[in-house]
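The values are calculated or read from the model by the stated rules, or taken from the named source; none is laboratory data. In this text, all values refer to a predicted model and were calculated from it rather than measured experimentally. Backbone-built Cβ (ideal geometry, glycine too); neighbour counts: all protein chains shown.
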């Protein structure tokens, strides 16, 4: 079913890019824009930019860009319609066809069908908890014993699965849900011997697991009766929407408070999260009893760089705290550890002492991970010199994983005092470990490059083959030149070594160009760059008047009157600009960004990306150049500069077209045996040669031949 256009427009008008993106990452203001670490790729330095004035986002690292709808589509992996429904729900906008019947559900994409089935199961379990004798007598009694209030039950959507073989399957089938989808969602199991299908969860209290946006993606379940053959806890299997290593229990309920408090408390169990949340400590999530994964760490880092890990006070809790946390340091997070008194966990402790005493305990007993690890390893080592040496190596290994060199230096200073060793000794050992790891990374990279080269198919047909055979005319450049005036490759590494600080694994070893390569990168034909520049100028300045009565759009389209672009999407975009101009309208970037041009959804999304890519810049010239340093930097916003840019680009485009035509004519001349045809081809060649020379003169360049 189709969402009415007026409703789509209401959704787009209501959706605020800062609010939508802010649900998934922690934004920080920078000038008129906001920045964050990108949710679409791993990075430690923020390159994800949000422009509230234009209601768009763009990542200068991976290239992702769009408006609020596009962001929801990308971050939640949703279709266009489902992204609109997500935003409609967020902004309380009613959609006439919002209710989805089971028949319509079967026509949904498989991924969306899983969400629908899981949402149905959540409601089924909730109703069984509150509306059946079995649910109230067993499930609700358990939750009340734990002290969970009715608002808490609702906040986490807790439920109960009936102690029957097929209660959910029977109810779902009656309501029209597809049994195959139920199985793919992990709600049912097929017994291999008999081929019969039955419910996965039976006679258990149910903990729905939500993704960041609040959709149910899986369930955790705890059995209450004594059954030696049944596991105490049972989780959903991996599905298309649930990947255990990428999920944190409670992240949806905690994300806002994590941002506000700028710290995330990490526990091990569902009930820890729920009890703390009920006590008013809402910035808490759980790893669900699994070892912390790199994906979970990066999920936390989207909201805060500060993590405090809350562990049980027994020996197993200490070992858990020391195991696997180096990778948290490697991701650049600030890690603290709190150990509770022996016999307590976060759930039992907060119920015992109350919220205020709990917060005070955390504040007094939180230790940074390096100090915590050093203290505990030294206790085990005692006065044994060999074990103490092992402790030193272990601690240096952990510090070496911290990417920030200043933080590393501080930890070396404090740890040297704690271990009673020379600070330079620790730094030297750290440099050795880092170089070793860096060398291994280089070897691994080289081996991968060799494998890729062996597997890469040979090329040489089409224009590439012609280019190799006959060469290109002078003046054609395959791609913009790379900066070549930087220091040698090992300059920065040598400088750091002299200072006693080696770059951490994964750090950039030398500065990289700030130039953002368009899609296609170095392999794009030079003509594509000039076509792209024409579209960029049209999108940014099409309505600007270069002289009275002559807009930039008018000028460029007049100059391109007999020219068609050869590369997409620029050819399609040029056609749209021409069609609109012929109807008295000048298209601008905002028309594509906010999809005001009547196009198929897929094409509209593609052009939206192009518009954002061509109208956003990662850096802006600071006004301090002129105000403080009296250095005037010409701006493209100035009419004179803009006119010159448009004029120069048109000339370069026409020069490339002339050179391309000359190149083609030379190829024909070489293979032609008919004298008359050869003479005509030569005359055509000389015509384009004169055009090429004249344009070169106008551009102020010198060409040979």
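Quick look at the numbers
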{"read-out": "Flag for residue 284 being touching a strand residue (DSSP E or B) at 6+ places or on another chain (Cβ under 7 Å), under 16 Å from residue 156 (Cβ atoms) and buried (at least 17 other Cβ atoms within 10 Å of the Cβ)", "value": "yes"}
{"read-out": "Residue count, segment 385-409 (criterion: under 23 Å from residue 43 (Cα atoms) and in a helix (DSSP H, G or I))", "value": "9"}
{"read-out": "Where residue 66 falls short, out of the listed (1) farther than 23 Å from residue 257 by Cα; (2) at pLDDT 90 or above; (3) in contact with a strand residue (DSSP E or B) (Cβ under 7 Å, 6 or more places away or on another chain)", "value": "(2)"}
{"read-out": "Filter result for residue 622 (modelled with pLDDT under 80, loosely packed, with under 14 Cβ neighbours inside 10 Å and out of contact with any helix residue (DSSP H, G or I) (no Cβ under 9 Å at 6 or more places or on another chain))", "value": "yes"}
{"read-out": "Any hit, segment 4-22, residues being within 22 Å of residue 295 (Cα to Cα) and in a loop (DSSP other than H, G, I, E, B)", "value": "no"}
{"read-out": "Segment 655-687, residues that are touching a residue at least 24 places away in the same chain (Cβ under 8 Å) and surrounded by fewer than 19 Cβ atoms within 10 Å (Cβ to Cβ)", "value": "657, 661, 666, 667, 670"}
{"read-out": "Residue identified as modelled with pLDDT of 75 or more, more than 33 Å from the chain's Cα centre (by Cα) and not in a helix (DSSP H, G or I) among 673, 701, 660", "value": "673"}
{"read-out": "Enumerated helices (runs of 4 or more DSSP H) restricted to segment 141-213, each holding at least 2 residues that are touching a strand residue (DSSP E or B) at 6+ places or on another chain (Cβ under 9 Å) and more than 20 Å from residue 286 (Cβ to Cβ)", "value": "167-174, 179-184"}
{"read-out": "Total residues in segment 4-16, condition under 25 Å from residue 211 (Cα atoms) and either touching a strand residue (DSSP E or B) at 6+ places or on another chain (Cβ under 6 Å) or surrounded by fewer than 18 Cβ atoms within 10 Å (Cβ to Cβ) (or both)", "value": "3"}
{"read-out": "So residue 586, is it outside the structural domain of residue 31 (by TED's automatic domain parsing) and assigned to a helix (DSSP H, G or I)", "value": "no"}
{"read-out": "Total residues in segment 625-650, condition farther than 23 Å from residue 32 by Cβ, modelled with pLDDT of 60 or more and either loosely packed, with under 12 Cβ neighbours inside 10 Å or in the same structural domain as residue 65 (by TED's automatic domain parsing) (or both)", "value": "1"}
{"read-out": "Criterion (farther than 20 Å from residue 265 by Cβ, out of contact with any strand residue (DSSP E or B) (no Cβ under 8 Å at 6 or more places or on another chain) and touching a residue at least 60 places away in the same chain (Cβ under 8 Å)) met by exactly one of 330, 394, 390", "value": "330"}
{"read-out": "Residues of segment 338-356 satisfying the condition of being within 13 Å of residue 272 (Cβ to Cβ) and surrounded by fewer than 20 Cβ atoms within 10 Å (Cβ to Cβ)", "value": "344, 348, 351"}
{"read-out": "Hey, residue 254 in contact with a helix residue (DSSP H, G or I) (Cβ under 7 Å, 6 or more places away or on another chain), buried (at least 21 other Cβ atoms within 10 Å of the Cβ), closer than 27 Å to residue 77 by Cα and not assigned by TED's automatic domain parsing to the domain that holds residue 41 or not", "value": "no"}
{"read-out": "Only one of 505, 525 that is farther than 30 Å from residue 328 by Cα, surrounded by 15 or more Cβ atoms within 10 Å (Cβ to Cβ) and modelled with pLDDT under 85", "value": "525"}
{"read-out": "Test: residue 224 is surrounded by 14 or more Cβ atoms within 10 Å (Cβ to Cβ) and touching a helix residue (DSSP H, G or I) at 6+ places or on another chain (Cβ under 7 Å)", "value": "yes"}
{"read-out": "Residue among 92, 119, 128 that alone is over 22 Å from the mean Cα position of the chain (by Cα), within 30 Å of residue 149 (Cα to Cα) and modelled with pLDDT under 90", "value": "92"}
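For every residue, the table says whether it meets (1) at pLDDT 90 or above; (2) in a helix (DSSP H, G or I).
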site	(1), (2)
324	no, no
338	yes, no
343	no, no
348	yes, yes
358	yes, yes
361	yes, yes
364	yes, yes
370	yes, yes
377	no, yes
